[in-house]
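> Here's a structure for you.
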Amino acid sequence: FFFGPQGKHCEMLWVWIVGATAILGGATLAVERATLSICVLVFAVLPLLLTAHWHVAGLEPTLFEYAKVYSTCLGSLYTSAFRFTAFRDWQSARPIGFCILFINMVEAIVTELHSHLSLNVAAGVLLLLTQALPRLITRHSDQSLKYDLGLVWVMSYTFWNFAFIYGTGPPGEPVGQWAAFGIVHLLTPLLIMRGDAARYLQARAYSLALLMMVGVTFDREPFVYLVPGWYVSWLAQLVGAVASAPGFT
């Protein structure tokens with residue numbers, strides 16, 4: 001499956017994964033170093049311009065794709081507002097950040113209830129129960145948002161999220177075809193956080209929003225590779241089991 005007999009296409013796929021991760025990582029780091037005005041342009045103005053482009057170009061994103069683009073951009077705007085404005089001093093600022101992540105996981109868990117990934121559903125519930133408290137969302141002296149989720153939690157979340165991407169799919173589409181896309185957007189924040197789990201959420205928010213906008217706008221090779229032949233049921237269950245293991249130990 002991952003290294004199947006696909007010849008040059010398989011080679012180009014892995015070149016794309018490495019290259020896309022490097023480009024996305026660079027773009028995410030650039031956004032992390034940008035001003036509030038740039039963040040607003042990228043995550044508020046750009047999605048609106050892209051929506052107009054999709055209409056003019058005859059592209060037809062699904063409702064799921066619209067929801068993911070706008071929800072991830074909203075999460076990035078929350079991150080930027082917390083970093084750069086007095087919004088972080090609001091009593092509700094930290095609970096809002098907690099709820100954004102919590103609701104994102106709930107949506108995935110509800111979707112998985114219709115699949116056969118019972119172990120990954122259990123992993124998702126454990127992640128919900130062990131998510132770090134809102135008070136652990138802070139602004140660092142370098143104007144970065146930090147949310148001390150814990151390294152074990154972050155790694156469990158990564159395996160759980162990959163199992164979700166790998167073991168499910170939008171209605172009418174092959175299961176697991178977005179797995180390569182998932183590797184890119186899950187690996188990028190892990191590399192950027194450099195072992196500091198508190199840095200994960202900011203990198204995750206920015207990188208996922210950027211990749212979703214690119215993925216919907218340029219949804220064909222060589223910009224995005226779909227891998228419908230990668231799905232294997234037992235592997236999806238195994239990844240879900242790995243994700244749930246820390247919660248039972």
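All of the numbers you see were taken from the coordinates with simple rules; none came from a lab. Since the structure is predicted, the reported quantities are computational estimates derived from the model, not experimental observations. Counting neighbours? That spans all protein chains shown, and the Cβs are built from the backbone with ideal geometry, glycine included.
> Here are some conditions: (1) within 30 Å of Trp230 (Cβ to Cβ); (2) crowded, with 16+ Cβ neighbours inside 10 Å; (3) polar (S, T, N, Q). Thr130 meets all but one. Which one does it not meet?
Against the list (1) within 30 Å of Trp230 (Cβ to Cβ); (2) crowded, with 16+ Cβ neighbours inside 10 Å; (3) polar (S, T, N, Q), Thr130 comes up short only on (2).
> Suppose we filter segment 26-41 for residues that are buried (at least 19 other Cβ atoms within 10 Å of the Cβ) and either touching an Asp or Glu at 6+ places or on another chain (Cβ under 9 Å) or closer than 14 Å to Ile192 by Cβ (or both); how many remain? Quick ask: steps written out before the conclusion?
As a first pass, look at segment 26-41 and keep what is buried (at least 19 other Cβ atoms within 10 Å of the Cβ): 28, 31-32, 39.
If we keep only those that are either touching an Asp or Glu at 6+ places or on another chain (Cβ under 9 Å) or closer than 14 Å to Ile192 by Cβ (or both) too, we end up with 28, 31-32.
Matching residues across segment 26-41 total 3.
> Could you list, ordered by first residue, the pairs with Cβ atoms under 9 Å in which the first is in segment 164-183 and more than 10 Å from Tyr231 (Cα to Cα) and touching a residue at least 12 places away in the same chain (Cβ under 8 Å) and the second is of a type in the set (Asp, Glu) and assigned to a helix (DSSP H, G or I), at least 6 apart or interchain?
Hits for this filter: Phe164/Glu112; Pro170/Glu65.
> Output the residues belonging to segment 42-75 that are surrounded by fewer than 11 Cβ atoms within 10 Å (Cβ to Cβ) and polar (S, T, N, Q).
Across segment 42-75, there are no qualifying residues.
> Taking the criterion of being touching an Asp or Glu at 6+ places or on another chain (Cβ under 8 Å), under 27 Å from Gly195 (Cα atoms) and hydrophobic (A, V, I, L, M, F, W, C), would at least one residue in segment 131-141 satisfy it?
Within segment 131-141 (the criterion being touching an Asp or Glu at 6+ places or on another chain (Cβ under 8 Å), under 27 Å from Gly195 (Cα atoms) and hydrophobic (A, V, I, L, M, F, W, C)), the answer is yes, since at least one residue qualifies.
> Shifting gears a bit: Looking only at helices (runs of 4 or more DSSP H) that fall completely inside segment 165-249, which ones have 2 or more residues that are over 26 Å from Lys146 (Cβ atoms) and within 16 Å of the chain's Cα centre (by Cα)?
On the way: elements: 179-193, 200-217, 233-244.
By residue number, 179-193, 200-217.
> Give the residues of segment 151-163 that are under 15 Å from Leu128 (Cα atoms) and buried (at least 18 other Cβ atoms within 10 Å of the Cβ), sorted by residue number. Spell out the reasoning first.
Taking segment 151-163 first, the residues under 15 Å from Leu128 (Cα atoms) are 152-161.
Selection gives Trp153, Val154, Ser156, Tyr157, Thr158, Phe159, Trp160, Asn161.
> Same structure again: Go over the candidates Arg83, Arg88 one by one and state the one that is buried (at least 16 other Cβ atoms within 10 Å of the Cβ), in contact with a strand residue (DSSP E or B) (Cβ under 7 Å, 6 or more places away or on another chain) and farther than 24 Å from Asn161 by Cβ. Break it down stepwise before answering.
Numbers: Arg83 fails: farther than 24 Å from Asn161 by Cβ.
Going through Arg83, Arg88 in turn, the sole match is Arg88.
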